Amino acid sequence: MFKAKLESAKEFKKVVDTMATLLDEICLQVNEEGVRAAAMDPSHVALLSLNIPRIAFEDYQADEHEIGIELEAFKKIMNRAKAKDKLILELDEERNRLNVIFENQGKRKFSLSLLDLSGATTKVPELEYHNVITIKGDALKEALKDADLISDHVIMRASPYEFKIEAKGDLNDFTAEFSSEDDAIISIEGEEEVKSAFNLEYLLDMVKGVSKGDIVKLYLGNDMPLKMEYSLAGCELMFLLAPRIEE
Amino acid sequence: MFKAKLESAKEFKKVVDTMATLLDEICLQVNEEGVRAAAMDPSHVALLSLNIPRIAFEDYQADEHEIGIELEAFKKIMNRAKAKDKLILELDEERNRLNVIFENQGKRKFSLSLLDLSGATTKVPELEYHNVITIKGDALKEALKDADLISDHVIMRASPYEFKIEAKGDLNDFTAEFSSEDDAIISIEGEEEVKSAFNLEYLLDMVKGVSKGDIVKLYLGNDMPLKMEYSLAGCELMFLLAPRIEE
Amino acid sequence: MFKAKLESAKEFKKVVDTMATLLDEICLQVNEEGVRAAAMDPSHVALLSLNIPRIAFEDYQADEHEIGIELEAFKKIMNRAKAKDKLILELDEERNRLNVIFENQGKRKFSLSLLDLSGATTKVPELEYHNVITIKGDALKEALKDADLISDHVIMRASPYEFKIEAKGDLNDFTAEFSSEDDAIISIEGEEEVKSAFNLEYLLDMVKGVSKGDIVKLYLGNDMPLKMEYSLAGCELMFLLAPRIEE
């Protein structure tokens, strides 16, 4: 069996929105410890990993299951979440469906056909980073949206005291500068200067669920993948984005 | 003469919006008791009846008149209503126009050409129902919007203790369940179990003007028309919707 | 050098939005007294003049410069202004760029390529008016939007006690009436009755930056240009709009 209840359907909607922006489908691995998933985007540039420990749920009961979800349909259903709705996710093993139930003034139950995605597990590579930037999510998101006016990719630079996002256009340029003293920065770690270039469209997809008050961790190296971590309502999201190697 | 003043132009806008969604034109029957109108939608599936007793108006003076209105033009004008605008409706018999006047910081007067719709009266049939559901308008509206994700029609079921809205899609399903104890329900009356199917597009049009705090009455039978009643700022709206007979 | 700091980027955004609606490009004349500019719209129907005295800035340092700006690009950048962002405008003489810097949780710097618009100065004609209407900006703006439902031009009429905006359509009409006692009116000056007709699209462009709380001054004559003045966050805007001469 699998039955899990979340306090806020609207918060979980952000998690599903973010997954649906990068991925077409995902296989949730559920067991008594919680829910896990990992997948590459269709063009194999970005990897998303999700971890929801059972403590993030109001109620949680689960045996071991693989639940294959078509994310566009799941997203449309989650977009129906209203402000005070609680969310129940419940596996209907007989009909091979996931029941998505909004509880509030009454009970609104969607039942979603499942996909067979077993065996489609993605291994998350372990990478070592020396530069770690902990930054307010909205400041990062706005700087990326700024850069989007100017170019389709950015260079991220980190030094011991500074984090920069740069975009160069044909006519106009953009640079966001965050120093250790800026309000946006929680901390900047790392002894060296590093830089990598990334596709902006993916970056914007990755921060889609981020809103004011969320804290984002960025792990940066030289021409290395960007690792990004943040959590939404107890759901831990991790992303790896391949660097853009400039000729 | 006909001159009537309403406290809130913005509330009356919702009434006009709802009428304009279902109907192309309407003939208002005004007399000293108030304003009445009834009409079928162009495909004769839904009937709308409006009753505004004179008590709903701040000021009201009227002889007997038939005022034929092109609803798309009236709706566009009413969409110009601002938060604190009062509304004056005034018949200009000489020019055969309805003056639609917004009063607030100044006076903004639209004058709307009238249609000759005399003789186009619609009789409202008297139907008898045993099952009556009184439900919060926003809960009903959201459940119908949910169902719209899944199918283009719904089955409504009522039993002595429960009211259900069901939609079946090719892949996914939806059911909204409201029991007597749910916050959304004011009351459920009726001894029998009944069910009827309805076109969802019409249902969504019928609840268009409903917002939080409005209470909706549903009268349900077996393969019978749905009767829906609610009032907006003292304007009583009643709808009849033909059932969808499934082969 | 030229370096100027404004308290609120979001307020200045409205100034740039308004300029960009009427004009393609503008040449800012900066000197130690402040920033000035004047230009005709491409079809030579409307003239816009901008005056930002140095007192409107939080910090201000300037030699004499002409700064030629492509307004569509400037507008897109200014649209990135967030609620608490301060704005720094800084001339980079070496690279011939204007740095547009948003300061808040960090520093987001756009650098905008400049145009050579020297010699493109527009002289603002001095006109004499007897009728001056001082009106709340939102009341004027809403009345113009109302009129836009009905026609593509309006007649403005002023008398010693009243100001009217009239639009005539094929079927329907509109009149906004403001008398000296109405809340919308600060004052109506002028002994005579005057009237002029104007293109509505231009009028709507001219009031684009106006919001609740702004006060607009209208100078009206008989078949004379309309002069409109208002200020946004210390930036003084003046417009002249050629009348529509009706055959």
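The values are calculated or read from the model by the stated rules, or taken from the named source; none is laboratory data. Every value quoted in this text rests on a predicted model; they were computed, and no experiment measured them. FYI the Cβ positions are ideal-geometry reconstructions off the backbone, even for glycines, and counts take in every protein chain you see. To get the accessible areas, we keep the full protein, side chains included, count just its heavy atoms, and leave off ligands, DNA and RNA. Shrake-Rupley method; radii C 1.70, N 1.55, O 1.52, S 1.80 Å.
Scan the range A:1-51 residue by residue and report those that are within 15 Å of A:Ile67 (Cα to Cα) and out of contact with any Leu (no Cβ under 9 Å at 6 or more places or on another chain).
Once the filter is applied, which keeps residues that are within 15 Å of A:Ile67 (Cα to Cα) and out of contact with any Leu (no Cβ under 9 Å at 6 or more places or on another chain), the range A:1-51 yields A:Gln29, A:Asn31, A:Glu32, A:Gly34.
Name every residue in the range C:161-170 that is under 18 Å from C:Glu191 (Cβ atoms) and outside any strand (DSSP E or B), in order of residue number. So that I can check it myself, show each step before the final result.
If we filter the range C:161-170 for residues that are under 18 Å from C:Glu191 (Cβ atoms), which is where we start, we get C:161-164.
Scanning the range C:161-170 gives a single hit, C:Tyr161.
Counting only residues that are among the basic types (Lys, Arg) and within 14 Å of chain B (Cβ to nearest Cβ), how many does the range C:118-137 have?
To start, the set of residues in the range C:118-137 that are among the basic types (Lys, Arg) comprises C:123, C:136.
Filter again for within 14 Å of chain B (Cβ to nearest Cβ), leaving C:136.
Result for the range C:118-137: 1.
Which residues, taken from the range C:171-186, are open to solvent by less than 20 Å² (accessible area, probe 1.4 Å) and outside any strand (DSSP E or B)?
C:Ala184
Please state which one of C:Asp205, C:Asp116, C:Asp138, C:Asp173 is touching a Ser or Thr at 6+ places or on another chain (Cβ under 6 Å) and within 29 Å of C:Arg80 (Cβ to Cβ). Write out each step before concluding.
Values: C:Asp116 fails: touching a Ser or Thr at 6+ places or on another chain (Cβ under 6 Å); C:Asp138 fails: touching a Ser or Thr at 6+ places or on another chain (Cβ under 6 Å); C:Asp173 fails: within 29 Å of C:Arg80 (Cβ to Cβ).
Answer to the selection: C:Asp205.
Please return the ranges of strands (runs of 3 or more DSSP E) entirely within the range B:77-133 where 3 or more residues are open to solvent by 20 Å² or more (accessible area, probe 1.4 Å) and either in contact (Cβ under 8 Å) with a residue 12 or more places away in the chain or assigned by the TED database to the domain that holds B:Asp24 (or both). Before the answer, list the steps.
Numbers: elements: B:86-92, B:97-103, B:107-113.
Answer list for the range B:77-133: B:86-92, B:107-113.
Among the residues of the range B:55-75, write down those that are surrounded by 16 or more Cβ atoms within 10 Å (Cβ to Cβ) and either within 12 Å of chain C (Cβ to nearest Cβ) or assigned to a helix (DSSP H, G or I) (or both).
Answer for the range B:55-75, where residues must be surrounded by 16 or more Cβ atoms within 10 Å (Cβ to Cβ) and either within 12 Å of chain C (Cβ to nearest Cβ) or assigned to a helix (DSSP H, G or I) (or both): B:Ala56, B:Ile69, B:Glu70, B:Leu71, B:Ala73, B:Phe74, B:Lys75.
Which of the residues that make up the range A:134-160 are charged (D, E, K, R) and not in a strand (DSSP E or B)? Write out each step before concluding.
First pass over the range A:134-160, keeping only residues charged (D, E, K, R): A:136, A:138, A:141-142, A:145-146, A:148, A:152, A:157.
Correct list: A:Asp138, A:Lys141, A:Glu142, A:Lys145, A:Asp146, A:Asp148, A:Asp152.
Identify, from the list A:Ser196, A:Ser179, A:Ser187, the residue that is within 13 Å of another protein chain (Cβ to nearest Cβ) and hydroxyl-bearing (Ser, Thr, Tyr).
Working: A:Ser196 fails: within 13 Å of another protein chain (Cβ to nearest Cβ); A:Ser187 fails: within 13 Å of another protein chain (Cβ to nearest Cβ).
Only one candidate qualifies: A:Ser179.
Taking the range A:138-165 as the search range and keeping residues that are of a type outside the set (A, V, I, L, M, F, W, C) and away from chain C (no Cβ under 11 Å), which one is most open to solvent (accessible area, probe 1.4 Å)?
Keep residues of the range A:138-165 that are of a type outside the set (A, V, I, L, M, F, W, C), which gives A:138, A:141-142, A:145-146, A:148, A:151-153, A:157, A:159-162, A:164.
This time we only want the ones that are away from chain C (no Cβ under 11 Å), so: A:151-153, A:157, A:159-161.
Values: A:Ser151: 20, A:Asp152: 97, A:His153: 39, A:Arg157: 86, A:Ser159: 23, A:Pro160: 40, A:Tyr161: 165 Å².
Top of the filtered list is A:Tyr161.
I need the full set of residues from the range B:209-247 which are open to solvent by 10 Å² or more (accessible area, probe 1.4 Å), more than 23 Å from B:Gly169 (Cβ to Cβ), of a type outside the set (A, V, I, L, M, F, W, C) and in a loop (DSSP other than H, G, I, E, B), in order please.
Scanning the range B:209-247 gives B:Ser211, B:Lys212, B:Gly213, B:Asp214, B:Asn222, B:Pro225, B:Gly234.
Given the condition under 17 Å from the mean Cα position of the chain (by Cα), closer than 12 Å to B:Leu140 by Cβ, open to solvent by 30 Å² or more (accessible area, probe 1.4 Å) and not aromatic (Phe, Trp, Tyr), answer yes or no: does some residue in the range B:187-204 qualify? Can you show your working first?
Initially, the range B:187-204 is screened for residues under 17 Å from the mean Cα position of the chain (by Cα), giving B:198-204.
Within this subset, residues satisfying the condition of being closer than 12 Å to B:Leu140 by Cβ are B:203-204.
Filter once more, keeping what is open to solvent by 30 Å² or more (accessible area, probe 1.4 Å): B:204.
Checking which are not aromatic (Phe, Trp, Tyr) leaves us with B:204.
Looking through the range B:187-204, at least one residue is under 17 Å from the mean Cα position of the chain (by Cα), closer than 12 Å to B:Leu140 by Cβ, open to solvent by 30 Å² or more (accessible area, probe 1.4 Å) and not aromatic (Phe, Trp, Tyr).
State all residues of the range A:2-27 that are part of a strand (DSSP E or B) and either open to solvent by 50 Å² or more (accessible area, probe 1.4 Å) or closer than 16 Å to A:Glu72 by Cβ (or both); if no residue qualifies, say none. Before you say what the answer is, go through the steps one by one.
Keep residues of the range A:2-27 that are part of a strand (DSSP E or B), which gives A:2-6, A:25-27.
Listed by number, the residues that qualify are A:Lys3, A:Glu25, A:Ile26, A:Cys27.
Here is a list of conditions, (1) part of a helix (DSSP H, G or I); (2) open to solvent by 10 Å² or more (accessible area, probe 1.4 Å), and C:Pro42 meets all of them except one; can you say which number that is?
(1)
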